[in-house]
Every structure is written in structure tokens, then in C-alpha cells.
Amino acid sequence: MEKEEFQKKLAELGALAAKNEKRLTNRQVRDFFDALELSEEQYELIFAYLASRQVVVEGYVPAKKQEEERQAQVPLTPEEESFLRSYQKDLDRLELLEEAELLELCRQVEETGDDLLKARLTEQLLPEVLRLADEFRGREVQLGDLVQEGNIGLLLALETLGMRPAGSSALSYLREEICKAISQAVEDHCTEKEAGSHLAQRFNELSDQIRKLTDELERQVSVDELAVYMNMPVEEIEDLLKLAGEGTGEEAGEASR
């Protein structure tokens, strides 16, 4: 990269920041320099330059802070440690390509769609999958599961490589798709957990009402009686009992025991 070209791009970025009231996003900055294929160290210099010009970059975390946060992460579980040792052992056997070679491999995959080239590119990006998965660790999803989701995201992204957004390099696209897949897995887990918590709460409420009505009538109550008492559809009560393993029989009193 020529010094003059880099300085010109910096000046253009400064003008863009001024137009946006000295606010940019991390993605805007990276997309702006995407064609130059900069290293992380060079991006750090760019972010430092912007900070010196009082430009706020949303979503950017300095490398030093990232390392501090990584060190403060939740410790690996025994299962994660075992997975990481095994996975890292496989990665150590790889002969990793340089960034320029990776981009050339991406170009070949995009042009030919060759399965062997796809397999080689997938192998080359396995360390990236692990790195991105590790960034999401500690959110109640096992590291191995995060890596698996990242690998699936990578394989799917390879099939749509030629349809990536204009101005985005092949490697940037693949990395973003890996990150999206991992992020979605974490989000899905949180959604399922919330749904499970809500279901447990609903069943506890149902059990309380069954117990209360049973005490009042001094006998087991039917689902129909409970539906009237709670002003709740019979089907919903039956579904809750079924999910809780209580069956859908006409007598609901035993569900509270």
C-alpha cells in the first residue's frame, strides 16, 4: 500500500466523519479501507488517528481493552477445556496461508465453485471460527456448540460468496457470516431459556390454582372445571399439563401434588 494512497484515504475518512458530526461506526471504518486489505495493527493506527481528531467510533474496542476483557472472561469448563485441546491439536497440523493467499483462494472458490477448493478454504478458516466463537464464550452456550454453529455458518456462506454485498471483500463477508451464525445461536439459546422460564412460571400458576380449587371442592378437579375457574382455554391447560408430563386426563388435581 502506497503511503500517498493511505493518507488520501485517511483524509477522505476525516471528511466523512466531519459530515457525520464526528461520529462513525466500526463497520464504516473497516468497509472504507476494505479494498486495501489492512492488518489489525494498521486499523489500530487508524482508530488512534480518529481518536486524536475527537472522532467517536461506535462499536470499536481498543485491542488492549479487548485483551483485558478476554482475561476477565468466565473460565473454561472442563468440557470446554477438553474440546479446546482436541480442536487446537487439529489446528496445529494446518499450514495456514497468508492473507493475500487466502484472498486468492476465495477468488478461485468464487469463480469455480470447486468442492475441493471450498474444503481447503473451510480448513483455512477454522482458526477464525474458533477465535470468533471464543468472543461469545461465557453466555451459557458451550464453546464446542459455538464452534459448530460457526462452522455451519461458514459452509453456508461459501455457497453465497458470489452474492456478497458490493464493496465487501470475500474474507470480510465470510467472517461476518461466521459471526452472525454464532451470534444467532446465542440469541436462540437465550430465547429458548426465556420461553422455558415462562412455561415454568405458567405451570406453577396452574398448579397453585389446581391446589386452591381442589381444597375448596375437597376433591380432584377436572380440566373443564379448572378452565372455567381460571377463565383459561381447556386446550392451553391440557398443553401445559402435557408439557409438564402430567398427561391430559380429565382429572387435573394430581398435577398439583
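May I ask for the angle, rounded to the nearest 10°, between helix 3-19 and the longest principal axis of the chain, with both axes built from Cα atoms and the value confined to 0 to 90°?
Roughly 50 degrees between the two axes.
Choose one answer from Glu44, Glu21, Glu110: the residue with the largest mean-square fluctuation in a GNM of the chain with alpha-carbon springs under 10 Å.
Among Glu44, Glu21, Glu110, the largest GNM mean-square fluctuation belongs to Glu21.
Provide the net charge surrounding Leu143, with neighbours chosen by a C-beta distance below 12 Å and charges set as Lys +1, Arg +1, Asp -1, Glu -1.
For residues surrounding Leu143, the net value is -4.
Among all the aspartates and glutamates, which ones have a C-alpha under 16 Å from Lys180's C-alpha, if same-chain residues fewer than 8 places away are not counted?
Glu128, Asp134, Glu135, Asp145, Glu149, Glu159, Asp188
Taking the chain as a Gaussian network, Cα atoms linked when under 10 Å apart, which of Lys89, Lys180, Lys118 shows the biggest mean-square fluctuation?
Comparing Lys89, Lys180, Lys118 in the GNM, the peak value goes to Lys89.
What does the helix-only formula give at 222 nm for the chain: each DSSP H stretch with n ≥ 4 adding -39500 (n - 2.57), the total divided by the residues, and the result rounded to the nearest 500 deg cm²/dmol?
-22500 deg cm²/dmol, from helical runs alone.
Please give the length that would be gained between Leu96 and Asp188 if that part of the chain were fully extended, namely 0.36 nm times their separation in residues minus their C-alpha to C-alpha distance (nm, one decimal).
Going from the current span to full extension adds 29.9 nm.
Compute the angle between helix 126-135 and the longest alpha-carbon principal axis of the chain, please, reported from 0 to 90 degrees and rounded to the nearest 10.
With both axes taken from Cα atoms, the answer is about 60 degrees.
Just to be sure I understand: with springs between alpha-carbon atoms less than 10 Å apart, which residue in Leu241, Leu103, Leu155 has the highest mean-square fluctuation in the Gaussian network model of the chain?
It is Leu241.
Under the definition of Cα pairs under 8 Å and six or more residues apart, what whole-number percent is the relative contact order of the chain?
Relative contact order, the chain: 13 percent.
Nearest 10 degrees, 0 to 90: what angle lies between the long axis of helix 143-159 and the longest principal axis of the chain (Cα atoms)?
Between helix and principal axis, roughly 60 degrees.
Bear in mind these aren't lab numbers, they're just calculated from the coordinates by the rules spelled out. Keep in mind that what you see is a predicted model, and the values were worked out from it rather than measured. As a convention, Cβ positions derive from the backbone with ideal geometry for all residues, glycine included, and neighbour counts pool all protein chains shown.
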